[in-house]
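Nothing in this text is a laboratory measurement; each read-out follows from the coordinates by a stated rule. Everything numeric here is computed off the predicted structure, so don't read it as measured data. Here the Cβ positions follow ideal geometry from the backbone for every residue, glycine too, while neighbour counts run over all protein chains shown.
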């Protein structure tokens with residue numbers, strides 16, 4: 001079926017209108033009219049081919065919210081009119097140990113990403129949410145509560161689950177002292193989740209001017225990482241650190257903050273500059289990675305958000321503003337996530 | 001009491017004879033006639049002030065074996081004639097949470113190292129095992145089985161516990177596939193322990209010429225880390241990696257070897273060059289540090305060695321040969337640990 005979208009055509013050109021064919025609705029498929037799509041930093045990496053894996057044209061977008069307009073004849077979980085979401089994945093092998101453990105993001109045969117993966121049905125590459133509609137297997141569609149502001153739900157599908165999953169996996173609980181490093185699209189969700197889980201949340205940032213906003217989001221304290229005295233005063237006191245910094249940085253100064261046997265989880269795909277094992281050895285500490293979350297956990301996160309009334313802080317833009325939005329993201333000029341109002345594409 | 005020893009006097013001079021006063025035997029002290037002392041790579045770092053913390057003269061040595069010659073009147077655990085060992089620590093605060101958890105190496109007030117720590121009793125700095133005798137609080141003295149070759153037991157006090165502790169902490173068990181990275185003083189003990197714990201042990205080394213010896217020590221397979229095809233063939237199969245490399249190196253190539261959620265434990269205090277979070281994020285993997293082990297676990301390790309007849313592979317030298325031994329260690333020319341026969345010092 002004919003689909004309107006915006007695509008990147010090369011490493012250096014702005015995104016521009018693109019039309020392509022979506023697959024027809026199969027027996028297990030859900031067709032979604034996209035209402036909003038969040039703008040993730042990785043959309044920019046893929047548009048610019050920063051990871052060397054982009055096949056043009058690239059239609060980004062994996063923070064998708066919309067309404068079901070049609071379901072396949074074997075679909076049981078959804079019906080026309082449902083408010084739903086689609087995140088970073090649209091398929092996986094469903095048979096490997098990772099898939100069986102509800103960790104499709106680690107599928108041993110490779111998950112099918114929402115955009116930029118080889119498309120097993122249509123050929124070519126999958127195309128994402130910068131478009132008016134999408135067709136997805138019901139297994140990879142999430143239920144969204146009508147209680148929440150749907151445009152502000154969109155970023156939960158990536159920024160939300162990426163921060164929720166490590167907080168759950170490393171069992172953050174009431175009373176724990178949790179540091180969230182970096183206040184951006186991911187960090188602001190990390191603060192909200194950790195606070196809702198009952199933790200004592202410390203925003204750790206290089207920027208003193210982010211302090212007030214961090215507290216508004218739920219942080220109990222703000223620690224300026226360039227302040228050596230303040231860092232020393234917090235040494236050995238953190239149960240968990242969630243590192244959301246999206247660019248290369250030196251992690252050594254953060255390690256002394258952790259208690260013995262504690263972990264810093266990293267969710268950004270970045271160089272860890274000048275890492276020295278000394279900070280790990282002293283106190284038997286760990287650095288770990290975490291990648292989005294499985295479908296089951298993503299649903300759990302959305303349900304947690306409905307229960308705790310958690311959404312992302314967003315700035316809504318038209319599809320036509322996407323290139324300006326990319327420029328502003330590169331300058332960290334967004335609080336905290338751009339979301340595209342897809343009506344602007346439909347009206348164009 | 002008057003004590004003969006060898007000491008480093010500055011960063012660039014060879015070690016030379018030194019005489020100093022040991023403390024007298026207090027009520028809880030054990031006096032030990034040192035028979036053998038292992039030579040650890042960190043002895044060289046301290047002799048050369050590589051870590052910027054050396055106060056000269058430095059009497060190295062924290063792999064100490066000897067016979068009890070005298071005990072304080074309140075000592076209950078040891079008697080004259082016992083075969084005993086002393087490792088990297090001779091005291092700690094005994095009151096902090098780490099000490100209470102039998103992890104004195106992480107004492108929150110700082111353990112007293114066997115050499116090179118401020119000496120709370122004699123003033124100045126503590127002096128180690130390159131000497132004819134030592135006086136140590138019974139809490140930091142280990143029992144050694146008469147079944148084992150005492151000269152080959154000496155390196156267990158540091159190289160042994162440093163590799164045993166992470167294998168236990170990360171719960172290596174029968175049937176696990178364990179990789180030991182680096183075949184030196186630590187690595188050769190890691191292979192012996194992991195094999196004795198029932199693991200399928202793979203020696204991971206840059207040097208094909210170490211393969212035969214690795215198998216003699218107990219490795220079931222040898223993986224040459226420079227062989228990209230071989231590394232790829234082992235991808236995603238390891239339950240645990242024990243990284244014993246003592247110098248700065250790139251850890252990224254090892255991360256794909258681990259299974260999902262698995263850990264690489266690092267025991268060397270070294271730069272981890274060019275670390276990238278990608279290898280952690282893909283599969284939710286961890287890099288952790290480990291530092292020697294507590295006194296309780298060190299005793300457990302020595303008992304495990306007696307039960308499984310495990311000792312270090314050693315080359316015995318005279319005290320007077322120490323500077324040549326240091327040069328050979330720097331060239332990795334030792335299989336796998338030098339041990340000083342302290343009779344040579346007593347006869348001098």
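At-a-glance table
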quantity	calculated
Residue order, fewest to most surrounding Cβ atoms within 10 angstrom, among B:267, B:202	B:202, B:267
Residue order, fewest to most surrounding Cβ atoms within 10 angstrom, among A:327, A:91, B:82	A:327, B:82, A:91
Coordinate range along principal axes, alpha carbons of chain B, Å, largest first	60, 40, 37
Rel. contact order, % - alpha carbon contacts under 8 angstrom, at least six apart, chain B	18 percent
The stretch A:160-289: relative contact order in percent, alpha carbon pairs under 8 Å with at least 6 residues between	21 percent
With Cα atoms, 0 to 90° folded angle of helix B:159-169 axis to chain B main axis	50 degrees
Pseudo-label separations to other copies for residue B:9 - Cα-to-Cβ vector, 7 Å, nm	7.8
Selected from A:121, A:322, A:266 as most flexible by GNM, with chain A as the system and alpha-carbon contacts under 10 Å	A:121
Euclidean distance of C-alpha centroids, the stretch A:158-185 and the stretch A:1-25, integer Å	34 Å
FRET efficiency estimate (nearest 0.05) - Cβ-Cβ, residue A:232 to residue A:2, R0 35 angstrom	0.05
Approximate shape of the protein assembly as shown as ellipsoid semi-axes (Cα gyration tensor, √5λ), whole Å, largest first	57, 26, 21
Test item: B:153-160 mean partner chain Cβ contacts at 10 Å	0
Shielding of A:266-273 by partner chains, average beta-carbon count, 10 Å	5
Degrees between helix A:295-308 axis and first principal axis of chain A (Cα, 0 to 90, nearest 10)	70 degrees
Contour excess over end-to-end distance, with Cα ends at residue A:70 and residue A:216 and 0.36 nm allotted per residue	48.5 nm
Contour minus Cα-Cα distance for residue B:346 and residue B:45 (0.36 nm per residue)	105.8 nm
Among A:269, A:152, A:228, residue whose mean-square fluctuation peaks in a GNM of chain A (springs only between Cα atoms under 10 Å)	A:228
Inter-label distance, nm, simple model (7 Å from Cα along the C-beta direction), residue B:96/residue B:56	3.1 nm
FRET efficiency for residue B:79 and residue B:149, using Cβ-Cβ distance with R0 set to 35 Å, rounded to 0.05	0.95
Inter-chain Cβ neighbour average for residues A:93-106, partner chain, 10 Å	2
222 nm mean residue ellipticity, helices alone, for the protein assembly as shown (DSSP H n ≥ 4; -39,500 (n - 2.57); rounded to 500)	-6000 deg cm²/dmol
Likely footprinting exposure, B:192, B:74, B:346, fewest C-beta neighbours within 10 Å first	B:74, B:346, B:192
Global geometry of the stretch A:99-150, whether rounded, prolate or oblate, following the gyration tensor of its Cα atoms and the 1.5 cut on a/c	oblate
Label-point gap, in nm, between residue B:139 and residue B:323 - each point 7 angstrom along Cα→Cβ	4.0 nm
Nm distances between copies for residue B:308, ranked from closest, using label points 7 Å along Cα→Cβ	4.3
Shape of the stretch B:160-289, Cα gyration tensor, a/c cut at 1.5	rounded
Cα centroid separation - the stretch A:258-286 against the stretch A:304-348, whole Å	32 Å
Whether the stretch B:69-167 is rounded, prolate or oblate, judged on the alpha carbon gyration tensor where a/c under 1.5 counts as rounded	rounded
Among A:143, A:216, A:337: highest mean-square fluctuation, GNM of chain A, C-alpha pairs under 10 Å	A:216
Other copies of residue A:250: label-to-label distances in nm, shortest first, labels 7 Å along the beta-carbon direction	2.2
Amide N proximity, the stretch B:288-332 versus residue B:122 label position 7 Å along Cα-to-Cβ, cut-off under 20 Å	B:319-320
